[in-house]
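Shown next, in structure tokens, is the structure this report addresses.
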Amino acid sequence: MTCRRGALIVLEGVDKAGKTTQCNKLVQALQDSGRQTEMMKFPERTTKIGQLINSYLENKSNLEDHTVHLLFSANRWELVPLMKEKLEQGINLVVDRYAFSGVAFTSAKPQGFSLEWCMNPDMGLPKPDLVMFLQLSPSEAAQRGQFGTERYETTVFQKAVQQKFELLMKDPSVKWQVRIQHSNH
Ligand code: 2DT
């Protein structure tokens, strides 16, 4: 029996945009309509590489910036066989962050990484059928209160990340869909 390949749907956005909530809702809606759907999340912190990333994000360890960028990418690559298997079985995947976060966050660092350098390690990853970008207005961001304590969770850095995402959204080879987040999303 042949079955249709599952769809790969990615949700991206700055912190506090509500990605995880929206991912859960989308998974639920697709499942309710009878479509086999699973959620994935990057970084996937449970693998060995993911644990190194987790410790870095929690400020428990320091990693050189190129190194951590490559670890984030390796964390995606190590899950590619599983992703392909699921997609080939016809399972839809809803993914909370992907290579776009990798590029936006590293290139937003003050050291000035080029977009090209940041994109290279992820070349050849399964291509998403759709990337939904959850946009948070500054007033909404303020209403959502303080950031957490992880690395990158500052207003200044998140603004720089947002600008990098805006550059990435100009790529016509990616199917972007922007969704502005309002209260009670
Ligand atoms: P979460 O809060 O969603 O777990 O993200 N990040 C993420 C990168 O710097 N590079 C990447 O490739 C990815 C996927 C974004 C944890 C933080 O990790 C950042 C926020």
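Classify region 1-138 from the C-alpha gyration tensor, please: rounded if a/c falls under 1.5, else prolate or oblate depending on whether a/b exceeds b/c. It is prolate, given that a/c is not under 1.5 and a/b is the larger ratio.
Quick one: in region 66-116, what % of C-alpha pairs are over 12 Å apart?
68 percent
5 Å is the cut-off here: which amide hydrogens, built 1.01 Å from N in the peptide plane, fall below it relative to Gln135, excluding neighbours closer than 5 in sequence? Counting only residues 5 or more places away or on other chains, the set is Arg179, Ile180, Gln181. The listed peptides 64-72, 4-12, 171-179, ordered by packing as a protection proxy, come out as 4-12, 64-72, 171-179 (highest mean of other Cβ atoms within 10 Å first). In terms of surrounding Cβ atoms within a 10 Å radius of their Cβ, Asp32, Asp122 rank from fewest to most as Asp32, Asp122. Among the listed pairs Lys60/Lys84; Lys16/Lys170; Lys60/Lys175, a Cα-Cα separation exceeding 25 Å is found for Lys60/Lys84; Lys60/Lys175. A Förster radius of 22 Å combined with the Cβ-Cβ distance from Ser55 to Glu153 puts the calculated FRET efficiency at roughly 0.90. Based solely on its DSSP helices, what 222 nm [θ] is calculated for the chain when runs of n ≥ 4 H residues each add -39,500 (n - 2.57) and the sum is averaged over all residues, nearest 500 deg cm²/dmol? Roughly -12500 deg cm²/dmol at 222 nm, from the helical runs in the chain. In this simple spin-label approximation, Asn24 and Glu116 carry label points 7 Å from Cα along the Cα→Cβ vector, and these lie 4.3 nm apart. Relative to one another, the C-alpha centroids of region 16-72 and region 141-185 are positioned 16 Å apart.
Normalised by the residues of region 1-157, what does the relative contact order come to in percent, with Cα pairs under 8 Å and at least six apart? Reported as a whole number, the value is 41 percent.
Laboratory data are not the source of any read-out in this text; all were calculated from the coordinates shown. What you see is a predicted model, and the numbers here were worked out from it, not measured in a lab. As a convention, Cβ positions derive from the backbone with ideal geometry for all residues, glycine included, and neighbour counts pool all protein chains shown.
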